[in-house]
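Asks: Okay, here's the structure, questions in a sec.
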Amino acid sequence: MAHDTHDIHRSRAEFEFIKRKRATEMRSQLTSFAMMIFLTLIAFTVVAADFSNYLIVPIILLLAAIQVVLQLYNFMHMSNKGHGMMAFFMFSGIFVAFTIVLTMVTIVWW
């Protein structure tokens, strides 16, 4: 009988831990979503303000890159344990691709 009460307390503690963990994860996802909406509003505002194309394009590309990182990190659960190696290879590939594109654009433009 004493063993049953120990299991009940342990399962109750596990339930509370899981509940707290899920609440923290949901708060993180909602915060990330709100940030992405804000970045989108900034992009729309920059375009609506009718700035020069030489200013608009880099700003939109920067905001898009920030949103990609946020989506990969939060919505693809790269922030969870056990995804470190996958995140490393993915961000390394993104860095190499960015470097190659920047190099080719620099060669063509100058």
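The values are calculated or read from the model by the stated rules, or taken from the named source; none is laboratory data. Note that this is a predicted model, so its numbers are computed, not measured. Ideal geometry is used to build each Cβ from the backbone, glycine not excepted, and the neighbour counts take in all protein chains shown.
Asks: Restricting the stretch 32-58 to residues that are of a type in the set (S, T, N, Q) and surrounded by fewer than 12 Cβ atoms within 10 Å (Cβ to Cβ), which is nearest to the chain's Cα centre (by Cα)?
Replies: Kept after step one, since they are of a type in the set (S, T, N, Q), are these residues of the stretch 32-58: 32, 40, 45, 52-53.
Those left that are additionally surrounded by fewer than 12 Cβ atoms within 10 Å (Cβ to Cβ): 45, 52-53.
Numbers: Thr45: 22, Ser52: 29, Asn53: 27 Å.
Checked the stretch 32-58; the qualifying residue nearest to the chain's Cα centre (by Cα) is Thr45.
Asks: For Ser11, are the conditions met, namely being out of contact with any strand residue (DSSP E or B) (no Cβ under 9 Å at 6 or more places or on another chain), modelled with pLDDT under 90 and loosely packed, with under 13 Cβ neighbours inside 10 Å? Working first, answer last.
Replies: Values: out of contact with any strand residue (DSSP E or B) (no Cβ under 9 Å at 6 or more places or on another chain): yes; modelled with pLDDT under 90: yes; loosely packed, with under 13 Cβ neighbours inside 10 Å: yes.
Yes, satisfied.
Asks: Does Phe38 count as among the aromatic types (Phe, Trp, Tyr), over 27 Å from Val105 (Cβ atoms) and free of Cβ contacts under 8 Å to residues at least 24 places away in the same chain? Talk me through it step by step, then tell me what you get.
Replies: Values: among the aromatic types (Phe, Trp, Tyr): yes; over 27 Å from Val105 (Cβ atoms): yes; free of Cβ contacts under 8 Å to residues at least 24 places away in the same chain: yes.
The answer is yes for Phe38.
Asks: Within the group Thr106, Thr99, which residue is surrounded by 10 or more Cβ atoms within 10 Å (Cβ to Cβ), farther than 21 Å from Leu30 by Cβ and not small (Gly, Ala, Ser)?
Replies: Working: Thr106 fails: surrounded by 10 or more Cβ atoms within 10 Å (Cβ to Cβ).
On inspection, the qualifying residue turns out to be Thr99.
Asks: Could you list, ordered by first residue, the pairs with Cβ atoms under 7 Å in which the first is in the stretch 52-79 and within 14 Å of Met36 (Cβ to Cβ) and at pLDDT below 90 and the second is of a type outside the set (Phe, Trp, Tyr) and outside any helix (DSSP H, G or I), at least 6 apart or interchain?
Replies: Leu72/Met78; Tyr73/Ser79
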